[in-house]
Each structure stands twice: as structure tokens, then as C-alpha cells.
Amino acid sequence: MRNKPLQVILFALLAIVFFLWLFVPFAMALLWSLVDPDKPWSYPDLFPQKLSFRRWGDMWLTTSLPAAIGNSYLLAPVVAFLTLLLAAPTAYAFGRIPFRGKAVAQMLSLLPLVLPSFIIALFFTSLLYKLGIYNKFAGIVLGHVVLFLPYAIRILTVSFSQVRQDLIDAARDLGASPWARFSAAYLPVLRPGILAALIIVFIQSIEEFAIAFVLGSPDFTTVPTILYSYLGYNFVRPNAAVVSLVLVVPNVILMLVFERLLKSEGAAVSGGKG
Amino acid sequence: MRAAQPARWRETAGLLLLLLPGLGLIVLFIGTVISMAVAQSVGYFNFSGPSGFTLDFWHKQLTSPILRTSVLYSLKIATISAILSVALAYPLALWLRKPFPGSGAISALLKAPMMVPGLVAAFLLVNVIAFHGIINETLLGLGITSKPLRMQNDRFGFAVIFLQVWKQLPFALLLLSAAVQSIHDDLLNAARDLGAGALARFRKIVLPLTLKSMQAALIIIFIGAAGDYSFQVVAGPTRSSSLAQHMYTVQREFGQWNEAAVVAIVLMAIALTGSILLAAASQLAVSWGKK
């Protein structure tokens with residue numbers, strides 16, 4: 001109670017910080033994306049002379065943005081699904097089987113997270129060239145799968161470890177088939193984890209830049225690589241603003257769903273007690 | 001005993017089969033990629049000309065002044081970013097240790113930058129700090145400065161450090177919050193009753209008990225910042241390049257795969273040794289602060 005004034009001051013301070021930290025940057029991006037192509041926003045105008053959605057329409061019709069969105073949103077579900085399938089057996093072993101060297105194995109599974117992604121991207125590309133593999137879609141899928149396996153393994157390991165042995169045993173004692181055992185004892189507990197793993201890998205794949213850029217350039221574009229092209233040598237601020245919003249808005253929505261799922265995981269476990 | 005042997009063998013085989021598609025793929029992939037870099041750095045797997053063992057590429061890069069400045073630059077950015085993120089995350093984690101009205105909203109807001117992809121973050125910042133961006137216009141409008149400040153592509157790399165902290169602070173906060181929340185109240189209350197002030201409690205209880213999480217945060221932020229490409233290219237100084245940028249330039253603009261491989265190995269070595277040294281230094285500092 002005695003800290004109340006301090007609490008209020010901290011709160012006000014934080015409101016100011018967040019205004020500058022999040023609101024202003026995003027408001028600027030939105031404003032820039034709405035600048036009318038005929039009336040450029042330049043010094044000394046404090047605000048754009050005219051706002052319109054024409055830039056969005058132009059970008060859609062005249063740039064490779066639709067192709068990039070198509071590529072990104074085709075890559076992401078394929079990567080998410082494959083990652084989930086490949087991560088599940090390892091996560092089962094990590095979550096339910098005690099074995100020697102598990103700690104080391106779990107450390108090793110984090111390797112893709114600690115190696116600088118540009119190194120992975122560059123020498124994975126060189127490896128593919130050496131092997132004579134030039135299919136960029138397949139290459140990026142493989143790169144993304146390996147890069148994001150650690151997240152899926154981690155999330156599913158926790159889920160598998162929360163499955164209750166007594167439920168599995170009870171199902172078996174009652175003569176349940178392997179599938180019935182899985183759907184009765186495992187699935188209710190695993191479901192939030194599976195969804196969470198799919199979403200996080202999906203988001204990461206949409207956002208991934210290094211592999212998509214190094215392996216994909218110049219002809220295979222994704223949303224981040226097209227954003228990069230507007231940020232590089234030919235810096236086109238309004239176009240970059242449009243692509244930024246295209247990239248960030250769906251992911252923020254998915255991330256909010258993801259947070260919800262993580263919170264509901266506990267509920268699913270206690271629900272499985274019955 | 002004899003009957004148990006085949007069963008154990010089958011168990012091990014089953015376990016390996018389970019680990020193969022996930023962990024096995026990771027180890028195989030990363031192992032091959034690193035081997036590729038090592039082999040190319042000493043002259044194998046050339047794309048043009050004959051392949052064969054040579055240390056020429058190492059010699060060329062190690063005597064290059066650009067590599068030296070890139071190493072120093074990446075070390076500087078990574079060290080400052082890691083320490084700054086952790087230093088800012090501690091007070092926030094302690095403030096949010098006990099839930100209070102609005103604390104959920106605050107931590108959600110603090111975590112928001114995690115959802116923003118790096119390139120978007122760089123673009124957002126560049127908008128704000130541009131020559132005629134909102135900060136400069138405000139400073140000019142208030143009469144604080146007489147001409148716009150140059151903040152984008154500043155020579156030191158403040159913009160890059162700011163971006164690293166903006167993006168990594170939530171991550172450090174996540175790790176430290178969990179650690180701080182697991183400290184038992186009794187311990188802090190006992191220390192308070194014995195007359196320990198806030199700073200003493202922080203040095204003698206909080207820091208030692210959260211050391212492991214702090215080291216994890218330092219290591220991961222350091223490695224990420226040392227290998228940064230996108231922040232550097234968009235907002236970094238135009239005169240110095242980061243190691244990842246240098247590596248990519250060597251490969252893309254000069255077609256030098258072998259020299260790029262040398263830079264890659266230097267970058268891996270820097271990321272590894274730098275992060276370990278930082279973790280060791282934090283351990284020393286904490287045990288020194290306990291006294």
C-alpha cells in the first residue's frame with residue numbers, strides 16, 4: 001500500500017514508453033502505407049497531403065507481392081505439418097522414456113537455435129548446389145523444418161510428459177486398441193501442444209528471412225524477402241510500409257491464439273483426470 | 001541376465017528409431033552444414049577451379065582489415081546488446097514479480113516486440129529516427145535542435161543496439177521472470193527482517209538465485225546479435241559491417257565461397273567463445289557481489 005504513488009508513477013512512465021515503443025512506430029507505418037502515390041509525403045509536410053488505399057491496390061497489381069504471399073503461405077503450412085510429424089517421435093522419447101544421455105540429447109536438439117542463421121543459410125545453399133539440387137521450394141522447406149524443429153520438440157516434450165500413465169494403463173487394462181488408447185489417454189492432453197507447435201512453426205516460417213533470402217534469391221520471393229528488397233538499395237518507404245503490415249498483422253493474430261493455447265494447456269491436463 | 005539382453009537391445013533400437021527423424025535430422029543437417037563450411041574454408045568443394053587443401057583463404061581473410069573491424073564491431077554490438085537487455089529486464093521482472101492490477105497488460109505489452117519480425121522492427125525504427133522522421137521533426141519543432149540529427153546508420157551502431165534490445169528484452173524478461181518468481185518470499189522477507197536493503201537483497205539473493213537464467217539470456221542474445229544481418233543492413237553504420245554481412249558480401253559480390261567459409265568459422269568461434277566468456281564473467285560478477 002505504501003508503494004501506491006510509486007506504482008502510479010511507474011504506470012504513467014510505462015504508458016509514455018509504450019506510446020513511443022509500439023504505438024508511434026506502427027502508426028507511422030500505417031500512415032506511410034496510406035500515402036497517395038500522386039501526392040508524395042515529403043519535407044516539410046507534417047502529415048501526408050492525401051491518404052488513400054491506392055498504394056495497396058498498386059502493390060497488389062504491379063509488384064510480385066501476391067506471388068510472395070502465395071509462396072510464404074504455401075511454405076508455412078507444409079513446414080508446420082512436416083515439423084510436427086518429425087518432432088513427435090523425438091518429443092515422445094524426451095517426454096516419456098528415461099534414458100542415459102537425455103540431457104545431452106536435449107542440448108543437441110537446440111543446435112539450430114544457437115548457430116547464426118546466415119551461416120546455416122549460406123552453407124546449406126552451397127551444399128544443395130554441390131548436390132545439384134535446385135528446387136528452391138523443397139530446399140527452403142527442409143531448411144525451415146530443421147530450423148524450427150527445436151520449438152516443436154520442446155513444446156511437444158512438455159505435452160507428452162503431461163500424459164498420465166495411469167490413464168494409459170487403465171485404457172490398456174480395459175482392452176482398448178492402440179488407437180483407442182491414443183485418442184483416450186494421449187490426444188486430449190496433446191491437442192493444445194500440437195496446435196501450439198503448428199502455430200509457432202507456421203509463424204516462424206512466415207517470418208524467416210535468412211534461408212528464404214540466400215537460397216531463394218533472386219527469383220523465389222517470400223514476404224520477408226520482398227520487404228528486404230524495399231529496404232535495401234532502392235528504399236521505397238510506402239511500399240515497405242505496406243509489406244510490413246502484410247507481414248506483421250496476421251502473425252500477431254496467430255500469436256495471440258498461441259498464447260491462449262499455452263494457457264489452456266493446464267486446463268486440459270486437469271480435465272484429463274476424470 | 002541373458003534373457004534381458006535382447007530386450008535391452010530392442011529398447012535401445014526403438015529409442016534410436018524415435019530420435020532419428022527429429023534429433024537425428026538436426027544433428028545430420030547441422031553437422032553437414034558446418035562440415036561444408038570447414039571443408040570450403042580449406043579449399044575443398046570448390047565451385048570453380050581445382051579443389052585441394054590450401055590455407056590461402058585463411059591467410060587472405062585473417063590479414064584482411066575488413067575482417068578485423070567486422071569482428072570488433074560484432075563483438076561490440078553483441079556484448080552491449082546482451083548486457084543492456086538483461087540489465088533492463090531485471091528491474092521489470094522484479095516489478096512484475098507479484099501480480100497487481102494491470103500487471104498482466106504490462107507484461108503482454110512488454111512481450112509484444114517478440115511478435116514483430118526483425119525486418120519489420122528495423123523498418124519501424126528507421127521511420128521514427130529518419131532524417132525527417134518524427135523524432136527529428138519534434139526536436140526541430142520544439143526548438144531543441146536547429147538541424148536534424150543523423151540517427152539512422154549512425155557510426156557507432158546505436159540504432160542496431162536499440163533494435164537488438166527492443167527485440168530481445170522481452171526474451172530476457174521471459175527467462176528472468178520465471179526465475180525471479182520462483183524465489184521464495186520467506187527468503188526475501190527473512191533478509192529484509194535482518195536489515196538487508198533492496199540493493200543488498202538483489203545482490204545477495206536475487207542475483208545468485210537467478211544466475212542460470214541470466215546466463216542463458218546473455219548467451220542467446222549475444223549469439224543472435226553477433227550473427228545479425230538484417231538490423232545491420234537496414235539501420236547499421238554504412239562504414240563498418242557485421243560479420244554476417246561481411247560473409248555474405250564476400251560470397252555474393254566477390255563470388256568467394258571459400259573466403260566466406262573462413263568468415264563463417266570465425267563468426268561461429270566468436271559467437272561461442274564470446275557467449276561463454278560473457279557467462280563466465282557474469283558468474284564472477286555475481287559471486288563477487290555476494291560478498
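What follows is calculated from the coordinates using simple rules that are stated; it is not laboratory data. The model shown is predicted, which means the values in this text are computed figures rather than measured ones. Don't worry about glycine lacking a Cβ; one is built from the backbone with ideal geometry, like all the others, and counts go over all protein chains shown.
May I ask you to evaluate 6.51 cos²θ - 1.76 cosθ + 1.60, the Karplus curve with θ = phi - 60°, for each residue of the range A:199-213 and list the ³J(HN,Hα) values in order in whole Hz, giving x for glycine and proline?
Going residue by residue, I get 5, 5, 5, 4, 4, 4, 5, 4, 7, 4, 10, 4, 5, 4, 6 Hz, with x marking Gly and Pro.
Can you put A:TYR230, B:TYR90, A:TYR134 in order, fewest other beta carbons within 10 Å first?
With the fewest neighbours first, A:TYR230, B:TYR90, A:TYR134 line up as A:TYR134, B:TYR90, A:TYR230.
Suppose we flag chymotrypsin sites (Phe, Trp or Tyr not before Pro) only when DSSP calls them loop and at most 14 other Cβ atoms lie within 10 Å. Which is the longest uninterrupted stretch of chain B? Provide the component values of the computation, followed by the final result.
Values: sites that count: B:PHE47, B:PHE53, B:PHE131, B:PHE156, B:PHE254.
Segment B:157-253 is the longest.
To test your reading of the geometry: what angle, between 0 and 90 degrees and rounded to tens, separates the Cα axis of helix A:65-96 from the longest principal axis of chain A?
Tilt of helix A:65-96: around 20 degrees.
Of the residues B:GLN164, B:GLN215, B:GLN181, which exhibits the maximal mean-square fluctuation in a Gaussian network model of chain B defined by a 10 Å Cα contact cut-off?
Looking only at B:GLN164, B:GLN215, B:GLN181, the largest GNM fluctuation is found for B:GLN181.
Taking only complete DSSP H runs, can you tell me which helices of chain B stretch 15 Å or more along their own long axis by Cα positions and average at least 1.0 on the Kyte-Doolittle scale? Let's see the in-between values first.
Working: long enough: B:4-19 (23 Å, 0.30); B:25-41 (24 Å, 2.11); B:65-95 (46 Å, 1.36); B:118-129 (16 Å, 2.58); B:158-181 (32 Å, 1.57); B:211-226 (22 Å, 1.81); B:257-290 (49 Å, 1.39).
Membrane-span-like by this rule: B:25-41, B:65-95, B:118-129, B:158-181, B:211-226, B:257-290.
Using Cβ contacts closer than 10 Å as the measure, can you line up A:ARG181, A:ARG100 from fewest to most?
Values: A:ARG181 19, A:ARG100 8.
Listing A:ARG181, A:ARG100 from fewest to most nearby Cβ atoms yields A:ARG100, A:ARG181.
Starting from the Cα of B:LYS204, draw a straight line to each of the lysines and keep only those under 27 Å, dropping any in the same chain fewer than 8 residues away.
Qualifying lysines at Cα under 27 Å: A:LYS4, B:LYS98, B:LYS212, B:LYS290, B:LYS291.
Assuming R0 = 25 Å, can you tell me the calculated FRET efficiency for the pair B:LEU17 and A:LEU174, based on Cβ-Cβ distance, to the nearest 0.05?
Numbers: r = 28 Å, r/R0 = 1.13.
About 0.30, to the nearest 0.05.
Calculated from DSSP H runs of 4 or more alone, at -39500 (n - 2.57) each and per residue, what is the 222 nm mean residue ellipticity of chain B, nearest 500? List each step's numbers first, then the result.
Values: 14 runs with 203 residues, N = 291.
For chain B, the value works out to -22500 deg cm²/dmol.
Kindly provide the trypsin sites (Lys or Arg not before Pro) of the range B:1-90 that DSSP labels as loop, not H, G, I, E or B, and whose Cβ sees at most 16 other Cβ atoms within 10 Å. Working shown, then result.
Numbers: sites: B:ARG2, B:ARG8, B:ARG10, B:LYS60, B:ARG68, B:LYS76; in loops: B:ARG2.
Sparse-neighbourhood loop trypsin sites (Lys or Arg not before Pro): B:ARG2.
What distance in nm separates the two pseudo spin-label positions at B:PHE254 and B:ALA108, each 7 Å out from Cα along the beta-carbon direction?
Rounded to a tenth, the inter-label distance reads 5.1 nm.
What are the ³J(HN,Hα) couplings of the range A:138-151, residue after residue, when phi is run through the Karplus curve with 6.51, -1.76, 1.60 and θ = phi - 60°? Round to Hz, x for glycine and proline.
Ordered by residue, 3J(HN,Hα) equals 4, x, 5, 4, 4, x, 5, 4, 5, 4, 9, 3, x, 5 Hz.
So what is the calculated 222 nm ellipticity per residue for chain A, using -39500 (n - 2.57) for each DSSP H run with n of 4 or more, over all residues, to the nearest 500 deg cm²/dmol? Provide the component values of the computation, followed by the final result.
On the way: 14 runs with 203 residues, N = 274.
Computed mean residue ellipticity for chain A: -24000 deg cm²/dmol.
Which order results if B:HIS184, A:HIS144 are arranged by neighbouring Cβ count within 10 Å, fewest first?
On the way: B:HIS184 10, A:HIS144 24.
In order of increasing Cβ crowding within 10 Å: B:HIS184, A:HIS144.
Once phi is turned into ³J(HN,Hα) by the Karplus curve 6.51 cos²θ - 1.76 cosθ + 1.60 with θ = phi - 60°, what whole-Hz value does each residue of the range A:155-166 show in order, with x for glycine and proline?
5, 6, 4, 4, 4, 4, 6, 8, 5, 8, 4, 5
Trypsin sites (Lys or Arg not before Pro) within the range B:140-201: which are DSSP loop residues with at most 14 other Cβ atoms inside 10 Å?
B:ARG150, B:ARG155
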